[in-house]
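K.L.:
Below: one structure in C-alpha cells.
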Amino acid sequence: MSASAEHALTATVELRQRLPHMSFLTQQTIDDIPTLWILREQLCEILRFLKSDYEMLFDLCGVDERLRAHRDGLPPSDYTVVYHLMSFKQCRDIRLKVALSENDINLPTIASVYPNANWYEREAWDMFGINFSGHPNLYRILLPPTWVGHALRKDHPARATEMGPFHMTEERQDKEQEALRFRPEQWGLKRKNKNTEFMFLNLGPNHPSVHGVFRIVLQLDGEVIVDAVPEIGYHHRGAEKMAERQTWHSYIPYTDRIDYLGGVMNNLPYVMAVEKLAGITVPDRARVIRIMMAEMFRISSHLVFYGTFAQDVGQMSPVFYMFSDRERLFRIVEAVTGGRMHPAWFRIGGVAQDLPKGWHEMFTDFLDWMPKRLDHFDKMVMQNSILKQRTKHIGVYSTAEALDWGITGPGLRATGMDFDFRRDRPYGGYDQFDFEVPVYNNGDCYDRAMVRVDEIRQSLRIIRQCVANMPAGPYKADHPATTPPPRERTMQDIETLIHHFVNVSWGPVIPEGECSVTIEATKGLNMYYLTSDGGTNSYRTRIRAPSFPHLQQIPLISRGLLIPDLIAILASIDFVMADVDR
Amino acid sequence: MPGWLIYFIIFGTIFGAFGGAAVLIWFERRLLGIWQDRLGPNRVGPLGIGLALADVIKLFAKEDWVPPFADKFVFVFAPTAIVMAMLLGFAVVPFAPGIHVIDLNIALLFFMGMTSLAVYSVMLGGLASNNKYALLGGLRSAAQMVSYEVFMGLSLMGVVMLTGSFSLVDIVNTQAEKGWFVFSQFFGFVAFMMAGIAESHRLPFDLPEAEHELVAGFHTEYSGMKFGMFMVGEYLGLILISSMICTIFFGGWLGPDFLPPIFWFTIKTFVFICFFILLRAAIPRPRYDQLMIFGWQYLLPLTLINLLVTGAVVLWL
C-alpha cells in the first residue's frame with residue numbers, strides 16, 4: 001500500500017472514531033483521496049464538523065450514475081453529489097459523496113457552512129436537476145433560463161444533431177430577450193430606499209473591461225455600488241459534456257480552451273489524471289518538458305494580466321509592450337509545439353514531440369531578455385503613483401474570506417496565505433525545483449498584481465533550471481495506453497501494430513476508476529476529476545476551474561466602491577470567461 | 001487692415017483648425033504607435049497620412065442615426081456646440097503680429113467663456129442620449145468642469161496682473177520685455193496646463209469618456225458625423241489649449257529672427273500637442289473623486305498662493 005493510500009485510510013478511521021454515530025461507506029479511489037459515502041440526513045452535520053479541519057469547499061459537482069456499469073461495492077445511486085473539501089493546513093483533501101435516487105433528488109443546501117457552495121449548487125441544479133432545498137436562489141447559472149432539461153444528464157442529447165432543428169422565430173427571440181431582463185426583486189434588491197431611487201446598470205455581457213462575456217448588474221446610488229449581481233454562462237460550451245463523447249485522447253484539445261490563456265498548462269491536470277487511471281509512469285524528460293512549457297504559459301498568461309491590469313486602470317501603453325514580449329514567448333512555443341495559444345501538445349504518457357533543434361538557444365535568449373523588461377515594467381506600472389492610488393486598499397478580502405469563497409492561486413497568496421500547490425503538494429516533478437512563493441499581505445488589487453509580477457520571475461527561474469538540467473531519454477512512456485504509442489516497433493510485430501491502430505482509431509481504453517489531479521494553474525487551483533467506466537471515453541469529467549469561485553465573491557468586495565474601483569477589481573482577479581463557464 | 005485680409009485670416013483660421021484636427025487623427029495614432037513599439041496607421045498614402053482623409057470620408061458617409069429613445073433636438077445640437085465653441089475660441093488667438101481674427105481687450109475672458117461653453121456639449125450629449133453610461137459620463141464631466149474651471153481662471157490672473165491687460169496681443173508683447181511668463185508664473189503655468197487637459201478631457205482627465213469604465217461615456221450613443229464632431233471638438237480643444245499655453249506662457253510668436261513669427265508659434269504649439277499625446281500614452285487614469293480632491297486640495301490653493309504672491313510682487317516691487 002502506498003503512503004498516500006495509508007494516509008487516506010487513517011484519515012477515514014480517524015473520522016469514524018470522531019463521529020461514531022454517523023454511517024460511512026468508504027470507496028477506494030485511484031488518487032487515494034479518502035472518499036466516503038454519507039447519508040443525506042447527516043450531510044450538514046458532517047460538513048460542519050469537518051469545516052474546522054478542511055477550510056475550503058474545493059469543489060461540488062453532480063454525477064449521473066444511471067448508466068455506469070462498474071459500481072461494485074458502491075451504494076445504489078442514480079445521482080451522486082460529490083463534495084471535495086481541502087485542508088490547507090494539513091495539505092490533504094477529503095471527498096464526500098451523497099447518493100440520491102431518481103425519485104427524490106433533494107438535498108439540503110450547505111451554503112450556510114461553505115458560502116461558495118451557492119454557485120456550485122446552482123450549477124448542479126442547472127446540469128443535473130438536483131434540488132438543494134433551502135437554497136436562496138436556485139436558478140440556472142450556466143444555461144439560459146429558457147433551457148429545457150438538464151444538460152449533463154445522460155439522457156440529454158450531447159450534440160445539436162440529436163435535437164430537432166433550431167429556429168429563431170421572432171416570438172422566440174422576444175421570449176429569450178425577455179428572459180434576460182434583470183429583475184432586482186429576484187435577487188432581493190430594492191428599487192429604491194427612502195432617499196434615492198437606485199439605478200441598475202448592466203455592465204456586460206459586452207463591455208470593454210469585463211474580459212470576455214461576463215455580465216454584472218450593478219445597483220448604483222450615484223456612482224457608488226450598493227450591490228452587484230454577477231451573471232455567467234455566456235461562454236458556456238459544455239466542455240464537461242463533450243468529454244463524455246470524445247475519446248480520452250481526442251479530448252486534449254478541448255482542455256486547452258478552458259483557460260484559454262493557459263495553453264498547455266490546461267492539458268497537464270487532465271493527462272496526469274488519465275495517466276494515474278491507466279497507471280502510466282511518465283519519463284523524466286517528458287516531465288521536465290511539461291513543467292517548462294507550463295511555466296512558459298504561466299508567464300504568457302501573467303503578461304496578459306499585467307498589461308490589461310494597467311490598461312483597465314487607464315494606462316494605455318503597457319499592454320502593447322507586454323504583448324510584444326508575449327509574442328517573443330509565443331515564437332518559442334511555436335517552435336516547440338507548432339501551435340501558439342492552444343497547442344494541445346501534451347499527450348497521455350508524455351508530450352507530442354521531442355524538443356526541436358536549437359531549443360536551448362531560444363530559451364536562453366528569452367531568459368536573458370525578460371528580467372530587464374520586467375524591471376522596466378515595474379517602473380512603468382507597479383511604481384506609478386496614480387496606479388497605486390487606484391488599486392491600493394481596493395477590493396480587500398482576508399485569508400478567512402478567501403478560503404470561505406474558494407479563492408485560490410495569486411488571489412489567495414495576496415492575503416498573506418503562504419500556499420502554493422507546486423511547493424506544498426508537488427505534482428509532476430515540481431519537488432525537484434528550487435523556487436520561491438511570493439506572498440503579499442494586504443489582499444487588495446495591488447497585492448494581487450504584485451504576486452503575479454513576482455511569479456513571472458519565479459517561473460523564469462524554474463524554466464532556467466529546466467533548460468540547465470533537461471534529462472535525456474524518451475519523451476513518451478512505453479505503455480500500451482500511451483497515445484499515440486511509440487512507433488519504433490509498429491511495423492515490426494503485429495501486437496504493437498494493433499495497439500497503435502486501436503489507440504489511434506478508437507482511442508485507448510482506460511481502466512475503470514476515479515481519479516482527480518489538482519495543479520497550480522495560472523489563475524488558481526485547477527482540478528480534473530475523471531471517472532472512467534472502463535471505456536474509450538470518460539464517464540464523467542469534472543473540471544474545477546479556479547475562475548468560477550473568484551467571480552462569485554465580487555459583490556462582497558465591491559460594495560460601497562465606485563465603478564472605476566470595480567473595474568480595477570475585475571482586472572486584478574484575472575479571470576477568463578471560458579475558465580468560468582467551461 | 002484691409003477687409004479681404006480679415007476674411008482671409010478668418011477662413012485661414014477655420015481651415016487651419018479643421019485641417020489640424022483632421023491631421024491629428026492620424027498624427028496622434030501614429031505617434032502613439034511609435035511610442036508603443038508598433039507601427040500605427042501606415043497604409044493609406046505616404047506614412048499613412050491619407051488616413052485623415054479616409055476617416056473624414058468614412059464619418060461623412062455613415063448613417064446619420066438618432067436613437068429613438070433620445071431627446072432628438074438636444075442630441076443633434078450637443079456635438080455642434082463643442083465645435084462652435086472651440087472654433088470661436090480660435091478667434092482671439094494671435095498667431096503672429098497682425099495675424100489674428102480679432103484683438104479683443106477681454107480676449108482671455110472670451111477664451112475662458114468659450115471653453116466653458118464646450119462643457120455644455122458633453123453634458124447635454126450625455127443627458128440627451130438617455131443612456132445610463134452616457135448619463136454617468138455627463139455627470140462626471142459636469143463635476144470635473146465645475147472644479148477645474150475655477151482655477152483655470154485663477155491660474156491666469158497672475159499673468160493678467162503682470163501684463164495689466166486681458167488682451168492676448170498685449171500679453172505676448174509684455175513677454176517680449178519681461179521674458180516668458182513660464183518663468184515668472186511657473187505655478188500658474190502648471191495649474192493652467194492641468195486645467196487645460198481637463199477642459200479638453202483627454203487622458204488622464206478623460207473621465208467623462210473613460211472607455212474602460214463607461215464604454216464610451218457621454219458619446220456612447222453617437223455614431224457617424226455626430227460622433228465625428230465630438231472627436232473634432234476634442235482635437236480642436238487640444239490645439240486651442242496648446243496654442244493658448246504657447247501664447248500665454250511661452251511667448252507666442254516670439255523667437256529668434258531666422259524664422260518668421262508664425263513658424264515659432266506653430267512649432268511651440270506643436271510641441272505641446274505632442275506633449276499631450278505623450279501624456280495619454282504614459283499616465284493611468286485617476287478615479288473621479290481623486291481627481292476632485294487633487295483639484296480642490298492641491299491645485300486651487302496653489303493658484304491662490306500664486307495669485308497672492310504675484311499680487312504682492314506687483315504691488316510692492
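The values are calculated or read from the model by the stated rules, or taken from the named source; none is laboratory data. Source: prediction; values computed, not measured. All Cβ positions, even for glycine, are placed from backbone atoms using ideal geometry, and neighbour counts span all protein chains on display.
K.L.:
Give the residues of segment B:197-224 that are part of a loop (DSSP other than H, G, I, E, B), more than 11 Å from chain A (Cβ to nearest Cβ) and at positive phi, sorted by residue number.
P.N.:
Hit for segment B:197-224 is B:H201, nothing else.
K.L.:
Tell me which residues, restricted to segment A:314-332, are more than 7 Å from chain B (Cβ to nearest Cβ) and not in a helix (DSSP H, G or I).
P.N.:
Step one: filter segment A:314-332 for residues more than 7 Å from chain B (Cβ to nearest Cβ), giving A:318-319, A:322-323, A:325-332.
Of everything in segment A:314-332, nothing turns out to be more than 7 Å from chain B (Cβ to nearest Cβ) and not in a helix (DSSP H, G or I).
K.L.:
Looking only at segment A:208-220, which residues are at pLDDT below 85 and either over 22 Å from the mean Cα position of the chain (by Cα) or assigned by TED's automatic domain parsing to the domain that holds A:Y260 (or both)?
P.N.:
A:P208
K.L.:
Quick one: how many residues across segment A:414-431 are free of Cβ contacts under 8 Å to residues at least 40 places away in the same chain and closer than 20 Å to A:A294 by Cα?
P.N.:
If we filter segment A:414-431 for residues that are free of Cβ contacts under 8 Å to residues at least 40 places away in the same chain, which is where we start, we get A:414-416, A:418, A:423, A:426, A:431.
In the following step, the residues that additionally are closer than 20 Å to A:A294 by Cα were identified as A:423, A:426, A:431.
Total meeting the criteria: 3.
K.L.:
Now for a separate question. For segment B:189-196, does any single residue satisfy the condition of being within 14 Å of chain A (Cβ to nearest Cβ), within 30 Å of B:F77 (Cβ to Cβ) and under 18 Å from the mean Cα position of the chain (by Cα)?
P.N.:
yes
K.L.:
Please verify whether A:V336 is closer than 29 Å to A:H207 by Cα and β-branched (V, I, T), treating the condition exactly as stated.
P.N.:
no
K.L.:
Let me ask you something else. Do any residues in segment B:176-195 that are without any contact (Cβ under 8 Å) to a residue 12 or more places away in the chain and assigned to a helix (DSSP H, G or I) have Cβ atoms under 6 Å from those of residues that are among the hydroxyl-bearing types (S, T, Y) and surrounded by fewer than 17 Cβ atoms within 10 Å (Cβ to Cβ), where the two are at least six apart or on different chains, and which pairs are they?
P.N.:
Pairs found: none.
K.L.:
Which residues, taken from segment A:395-409, are aliphatic (A, V, I, L, M) and either assigned to a helix (DSSP H, G or I) or under 12 Å from A:L556 (Cα atoms) (or both)?
P.N.:
Residues satisfying the conditions are A:V396, A:A400, A:A402, A:L403.
K.L.:
Kindly indicate the residue of segment A:176-204 that is surrounded by 13 or more Cβ atoms within 10 Å (Cβ to Cβ) and either more than 18 Å from A:S558 (Cα to Cα) or among the aliphatic types (A, V, I, L, M) (or both) and also farthest from the other protein chains (Cβ to nearest Cβ) among those meeting that condition.
P.N.:
Pass one, segment A:176-204, residues surrounded by 13 or more Cβ atoms within 10 Å (Cβ to Cβ): A:176, A:180, A:182, A:184, A:187, A:189, A:198-204.
If we keep only those that are either more than 18 Å from A:S558 (Cα to Cα) or among the aliphatic types (A, V, I, L, M) (or both) too, we end up with A:176, A:180, A:182, A:189, A:199, A:201, A:203.
Values: A:E176: 21, A:L180: 16, A:F182: 12, A:L189: 16, A:M199: 6, A:L201: 5, A:L203: 9 Å.
Among those that are surrounded by 13 or more Cβ atoms within 10 Å (Cβ to Cβ) and either more than 18 Å from A:S558 (Cα to Cα) or among the aliphatic types (A, V, I, L, M) (or both), it is A:E176.
K.L.:
Return the residue satisfying two criteria in turn: it lies in segment B:191-217 and is modelled with pLDDT of 80 or more and surrounded by 24 or more Cβ atoms within 10 Å (Cβ to Cβ), and of such residues it is nearest to B:M123 (Cα to Cα).
P.N.:
So, considering only residues that are modelled with pLDDT of 80 or more and surrounded by 24 or more Cβ atoms within 10 Å (Cβ to Cβ), the one nearest to B:M123 (Cα to Cα) is B:A198.
K.L.:
Let me ask you something else. Applying the selection to segment B:162-175, what residues are free of Cβ contacts under 8 Å to residues at least 24 places away in the same chain and assigned to a helix (DSSP H, G or I)?
P.N.:
B:T163, B:D170, B:N173, B:T174
K.L.:
If you don't mind, there's one more thing I want to ask. When you look at B:G158, is it crowded, with 22+ Cβ neighbours inside 10 Å, within 14 Å of chain A (Cβ to nearest Cβ) and in contact (Cβ under 8 Å) with a residue 60 or more places away in the chain, yes or no?
P.N.:
Against the criterion (crowded, with 22+ Cβ neighbours inside 10 Å, within 14 Å of chain A (Cβ to nearest Cβ) and in contact (Cβ under 8 Å) with a residue 60 or more places away in the chain), B:G158 does not qualify.
K.L.:
Considering only segment A:370-423, how many residues are more than 14 Å from chain B (Cβ to nearest Cβ) and on the phi < 0 side of the Ramachandran plot?
P.N.:
31
K.L.:
Which numbered condition trips up A:V282, out of (1) touching an Asp or Glu at 6+ places or on another chain (Cβ under 8 Å); (2) in contact (Cβ under 8 Å) with a residue 40 or more places away in the chain; (3) within 14 Å of chain B (Cβ to nearest Cβ); (4) not hydroxyl-bearing (S, T, Y)?
P.N.:
Checking A:V282 against (1) touching an Asp or Glu at 6+ places or on another chain (Cβ under 8 Å); (2) in contact (Cβ under 8 Å) with a residue 40 or more places away in the chain; (3) within 14 Å of chain B (Cβ to nearest Cβ); (4) not hydroxyl-bearing (S, T, Y), the one that fails is (3).
K.L.:
Can you tell me how many residues within segment A:218-256 are within 14 Å of chain B (Cβ to nearest Cβ), part of a strand (DSSP E or B) and crowded, with 19+ Cβ neighbours inside 10 Å?
P.N.:
Going through segment A:218-256 one residue at a time, the tally reaches 4.
K.L.:
Here is a follow-up. State all residues of segment A:205-217 that are away from chain B (no Cβ under 11 Å) and in contact with a strand residue (DSSP E or B) (Cβ under 9 Å, 6 or more places away or on another chain); if no residue qualifies, say none.
P.N.:
Of everything in segment A:205-217, those that are away from chain B (no Cβ under 11 Å) and in contact with a strand residue (DSSP E or B) (Cβ under 9 Å, 6 or more places away or on another chain) turn out to be A:P205, A:F214, A:R215, A:I216, A:V217.
K.L.:
Can I ask one more? For A:T281, state whether it is part of a loop (DSSP other than H, G, I, E, B), in the same structural domain as A:A243 (by TED's automatic domain parsing) and of a type in the set (S, T, Y).
P.N.:
Yes; evaluated as a whole, the condition is true for this residue.
K.L.:
Please count how many residues of segment B:277-317 are in a helix (DSSP H, G or I), more than 15 Å from B:A191 (Cβ to Cβ) and more than 13 Å from chain A (Cβ to nearest Cβ).
P.N.:
Of the residues in that region, 6 qualify.
K.L.:
Next question, about the same structure. Mind listing whichever residues of segment A:294-313 are more than 14 Å from every other protein chain (Cβ to nearest Cβ) and of a type in the set (S, T, N, Q)?
P.N.:
Result: A:S300, A:S301.
K.L.:
Please enumerate the residues belonging to segment A:132-150 that are in a loop (DSSP other than H, G, I, E, B) and either more than 19 Å from A:V229 (Cβ to Cβ) or hydroxyl-bearing (S, T, Y) (or both).
P.N.:
Going residue by residue through segment A:132-150, those that are in a loop (DSSP other than H, G, I, E, B) are A:134-150.
Answer for segment A:132-150, where residues must be in a loop (DSSP other than H, G, I, E, B) and either more than 19 Å from A:V229 (Cβ to Cβ) or hydroxyl-bearing (S, T, Y) (or both): A:G134, A:Y139, A:T146, A:W147, A:V148, A:G149, A:H150.
K.L.:
Right, another one. Those residues that are in a loop (DSSP other than H, G, I, E, B), among the aliphatic types (A, V, I, L, M) and under 28 Å from A:F305 (Cα atoms), I need them from segment A:333-354; list them, please. First the steps, then the outcome.
P.N.:
To start, the set of residues in segment A:333-354 that are in a loop (DSSP other than H, G, I, E, B) comprises A:338-345, A:348-349, A:352-354.
Next, only the ones that are among the aliphatic types (A, V, I, L, M) stay: A:341, A:344, A:348, A:352.
A:M341, A:A344 - these are the residues of segment A:333-354 that are in a loop (DSSP other than H, G, I, E, B), among the aliphatic types (A, V, I, L, M) and under 28 Å from A:F305 (Cα atoms).
K.L.:
Name, by its number, the condition in (1) modelled with pLDDT of 85 or more; (2) in a helix (DSSP H, G or I) that does not hold for B:S141.
P.N.:
Exception for B:S141: condition (1).
K.L.:
May I pose another question? Any residue in segment A:284-300 that is of a type in the set (F, W, Y) and farther than 22 Å from A:R464 by Cβ? So that I can check it myself, show each step before the final result.
P.N.:
The initial filter retains those residues of segment A:284-300 that are of a type in the set (F, W, Y), namely A:297.
The next check asks that each one be farther than 22 Å from A:R464 by Cβ; those that pass are none.
Scanning segment A:284-300, I find no residue that is of a type in the set (F, W, Y) and farther than 22 Å from A:R464 by Cβ, so the answer is no.
K.L.:
Give, as residue ranges, the strands (runs of 3 or more DSSP E) completely inside segment A:63-131 that count at least 1 residues that are touching a Cys at 6+ places or on another chain (Cβ under 8 Å) and of a type in the set (S, T, N, Q). Steps first, please.
P.N.:
Values: elements: A:79-87, A:92-100, A:106-108.
Correct list: empty, since no element meets the threshold.
K.L.:
Condition first: surrounded by fewer than 15 Cβ atoms within 10 Å (Cβ to Cβ), without any contact (Cβ under 8 Å) to a residue 12 or more places away in the chain and outside any helix (DSSP H, G or I). Now tell me which residues in segment B:42-84 satisfy that.
P.N.:
If the condition is that a residue be surrounded by fewer than 15 Cβ atoms within 10 Å (Cβ to Cβ), without any contact (Cβ under 8 Å) to a residue 12 or more places away in the chain and outside any helix (DSSP H, G or I), then B:R43, B:G45, B:P68 are the ones that fit.
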